[in-house]
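S.K.: Sharing a structure below in structure tokens format, with a few things to ask.
The values are calculated or read from the model by the stated rules, or taken from the named source; none is laboratory data. Just so we're clear, the structure is a prediction, and the values are computed from it rather than from any experiment. All Cβ positions, glycine included, derive from the backbone under ideal geometry; neighbour counts span all protein chains shown.
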Amino acid sequence: MNTPIRSQRLIGLFAAALLLFNFPLLALWDRHALLFGLPLFPTALFLVWGALIALLALVIERTER
Amino acid sequence: MLSAPLLVGASFAYLLLLFAVAWYGDHRAQQGRSVIDNAWVYAASMAVYCTAWTYFGSVGRASTSGVWFLPIYLGPTLAMILAWMVVRKMIRIARSYRITSIADFVASRYGKSPTLAGLVTLITVVGIVPYIALQLKAIASGYAVMTTVPGEAVGSPSDWWRDSTLYVALALAGFTMVFGTRHLDTTERHEGMVAAIAFESVVKLIAFIAVGSFVCWSLFDGPADLFGRALDNPDLAPLLGLEQQGRPFAYEQWFALTVLSMLSVVFLPRQFQVMVVENVNERHLRRAVWVFPLYLLLINVFVLPIALGGLLHFGAGNMNAESFVLSLPLDRGWHALALFAFIGGLSAATGMVIVETIAVSTMVCNDLVMPLLLRTRRFGARAAGDLTGILLGIRRAAIVGVMLLGYIYFHVAGEAYALVSIGLISFAAVAQFAPAALGGMYWKGGTRGGALAGLSAGFALWAWTLMLPSIAKSGWMDAAFIAHGPWGIELLKPEQLFGLAGLDNLTHSLFWSLLANIGAYVGVSLWRTPSAAETSQALLFVDVFERTEGSRPVFWRGRAQVADLLPLVARFLGAARAQKLFEDYAAASGVAGVDEIKPDARLVQFVETQLAGAIGSASARVMVASVVEEEALDLDDVMRILDEASQLRAYSHALEEKSQSLERATAELRAANEQLKSLDRLKDDFMSSVTHELRTPLTSIRALSELMVDDPQMDSAQRQHFLGIVVAETERLSRLVNQVLDMAKIESGHAEWHTADVDLRALVLKAIETTHEVFRERGADVTLDAPSAVATLRADPDRLTQVLLNLLSNAAKFVPRGSGRIHVRMRSDDSGITVEVRDNGPGVPVAEHALVFEKFRQGGDGVNRPQGTGLGLPISRQIVEHFGGRMWLESDAGQGACFAFHLPWQIQEGRQAPDNPTANPVQGGQQGGAPQ
């Protein structure tokens, strides 16, 4: 069965999200640093989260050819 | 603090507003202009996921363990990434088979098993009651914070009738009854309720963000200031990192929470209700899968700032962190904001309670009460009487029952636990549905036995490892079994089952329960092959996308009577609705009336699906089976029916393709016919132009000849003059006829071309020499600007000479007498040679550029129309195009005209005919590259 390209992209995105939100990639952000005056770890979590949502919107809203 | 009457008044006013929104939603639905038929509303209704737990609990969690509130929202984001595949399939299945709850979904998949439906319902009720209690607790404690004088202990009223929580619970039950069970619907959809939920989602988001902004920019000097001060505080700084309280980061727990919330966001009864059952259009999911995570992100952005702000403001341990959302604005005297924040919390709690109780009451009614009721003699299959009233009554009672259970749980156990812990217990319970439901959607081998075993095992382990310990810790059971195991058996200690230590309670419970669940489901399913009923449902579920409504196989065989089926539907849906459904069915199948309906398998399936919407698929199966005579199908029958359906599908597919190709052929023929017609019209035009052109010289020849015949006395000079005109006109006639023949030959592709190496420069010089006499007569100067030598082209020299002569004589005709100037310019470049013939005549208006290349269109107005046939330019252009070049005109009125053509070096050999052998003369004039 042929999986449509959109489904393949979504599965790829899912795998990326799962990796980004878990050990060990999560630990990369845990350091004492400031980003725009905000602590790096929580800020990075939200930024990664937002980027994933943006990518998801891009993948899903793009019309499939 | 705020006065109690104000708070209660505001709360009830808000509930009234919700009523208004829900009423409006229902009203619009009846008019057929649904407000919820909108992807944004759909996404907002999904945000019912964010309950009081999010609103109050997240802040509490963040104030003790930092980012640990987040996995509960990252999980849904992960789930939404896959929702386009998974949830869309669930929606399609639910829509196709009128599935109205998660219990029905699981039961229907495994052969419409009433036992399975009952078990799922039981797990749901046990799992969800604490969650509803959590919402009531949130409202109650919010109320207490708002009305208590700061510093005073939060007291609870001693008499139960003075307990506002009870009234809140009852008011919510009333609301839910009005909008959840007003009438029976075979799709179990509640437009008004969804509209109200979407509205609540917006209110709670705005309220939470308002409080967050207040904390960041009013209480502190921006987020940087807030975080800066938190980082300086040695107690608070660790909250902003991974390690909490000196312990290493518990990745397994983080992962477990993510997976847990990922499953919950799909399988919680309320999420299934708004996401699957209430979905109006599958396409809305496309927007919702990213808007819903975005909503989650927005509502979580300010959790950490509020938590840290509260801890900095009040000092750690002085105030319950779960109520920071209310106590921070209150403490600063921002009463209006505090009231708005309370309303936001109320929104979060009520939204969850309303949807959850509707979903659970449907399950309790269809999957617990109805199967029992239908077994009794009074309501059984053979009994008569309308059951719609009873159905609604059961649902209403179930709503009140669930609400009261929640209230009791809140009083009994709710005080002991934080909001978050209660919620997670419920999450772990509904996660048990995942293996049976997801497995059933993608694996045809799952059986009823497997699903039953998996669910039972998972539920039992969940109860033992999570539920019972939580009850024991609340003080309602002897907690000794937690520390030492039941009967002193250490291996069975609920929080370290079989000696598995090192995990927190939740991860431990989730691991064991899902392991047992999946293991039993797969193991028992593989034990024996699926039965006919299981196989047929498995095929319908797993392959739902591969069949359209009309081509689904119907797995039923037997005899039925319309006279039996109609009253059955009427019992559960009301006589009028039943009559209407049957009439619609008759109309759809093309028969005159209800009496004419053929009682075949398709009708039985239709009736069963309609009933399934009202009473669940398991009960519907039992009811239908009781009024028809059916034959048991075995596995071979199922396969045979499937084969027939596939063949039918193949036939209809082939038919469709054939009709499409016929349509295409028809369209092609029509286009060809149109073209023929237009060519015919052009031919007529051409004929009439030619005859007109022939008539003009003929008329003058005839008139002059007649004059000479009539007047023999005409003097010789006059006669000579007339004869001269006759000769000139005859020459013009033969020239015209020659050119028409020439044109026809070129266009039809029969012209002869003698290709040779051509030195275009020599040709130009020769052409100028030939026309020298003409220019001298007109008193015009000809100048040539050409390179000293150009490379040769492959072309027909005679034809090119014809083109050059044509352009030159054309220019000669239009230049002013006595002061004409004609400039011939030749340029060669990489692509080919360009020749321009520029004159200082009147020029051609831009609008007429295309026309001059048309046949018989001559430049100039009627008065000073020069001699000529009107065919020279069209022929020239045809010749140039034959050699792959193009001819164009650059000019405007009053500026002279410049005719030019370009011939490429590479002449395509063998191009004997023009591109279009049908030779559309007008097109021939309008194509080409004339820059206009």
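S.K.: May I ask you to list the residues in the stretch A:28-65 that are closer than 20 Å to B:Phe227 by Cβ, buried (at least 18 other Cβ atoms within 10 Å of the Cβ) and facing another protein chain (nearest Cβ under 7 Å)?
M.R.: A:Leu38, A:Pro39, A:Phe41, A:Pro42, A:Leu45, A:Trp49
S.K.: Within the set of pairs 6+ apart or on separate chains, which have a first residue in the stretch B:882-897 that is over 18 Å from B:Arg838 (Cβ atoms), a second that is acidic (Asp, Glu) and at pLDDT below 85, and C-beta atoms under 7 Å apart?
M.R.: Close Cβ pairs satisfying both conditions: none exist.
S.K.: Let me ask something else. Only residues in the stretch A:7-27 that are facing chain B (nearest Cβ under 7 Å) and surrounded by fewer than 19 Cβ atoms within 10 Å (Cβ to Cβ) count as the first member; pair them with residues that are modelled with pLDDT under 85 and part of a helix (DSSP H, G or I), Cβ under 6 angstrom, at least 6 apart or cross-chain, and list the lot.
M.R.: Close Cβ pairs satisfying both conditions: A:Phe23/B:Tyr251.
S.K.: Looking at B:Val276, B:Val259, which is the one that is hydrophobic (A, V, I, L, M, F, W, C) and within 11 Å of chain A (Cβ to nearest Cβ)?
M.R.: B:Val259
S.K.: Still on this model: So the check is Cβ under 9 Å with 6+ separation or different chains; which pairs have a first residue in the stretch B:66-85 that's within 7 Å of chain A (Cβ to nearest Cβ) and a second one that's among the basic types (Lys, Arg) and not in a loop (DSSP other than H, G, I, E, B)?
M.R.: From the stretch B:66-85, the pairs are B:Trp84/A:Arg6; B:Trp84/B:Arg286.
S.K.: Something else now. With the requirement that a residue be in a loop (DSSP other than H, G, I, E, B) and either small (Gly, Ala, Ser) or closer than 15 Å to B:Leu70 by Cβ (or both), what does the stretch A:23-65 give you?
M.R.: A:Phe23, A:Asp30, A:Ala33, A:Gly37
S.K.: Any idea which of B:Thr801, B:Thr783 is among the polar types (S, T, N, Q), in contact with a His (Cβ under 8 Å, 6 or more places away or on another chain) and modelled with pLDDT of 85 or more?
M.R.: The unique qualifying residue is B:Thr783.
S.K.: For residues that are in contact with a helix residue (DSSP H, G or I) (Cβ under 6 Å, 6 or more places away or on another chain) and either among the hydroxyl-bearing types (Ser, Thr, Tyr) or assigned to a strand (DSSP E or B) (or both), scanning just the stretch B:827-849, find the one that is surrounded by the most Cβ atoms within 10 Å (Cβ to Cβ).
M.R.: Per the stated criteria, the residue is B:Asp839.
S.K.: Go through the residues of the stretch B:59-73 one by one and say whether even a single one is at pLDDT 90 or above, crowded, with 23+ Cβ neighbours inside 10 Å and not small (Gly, Ala, Ser).
M.R.: yes
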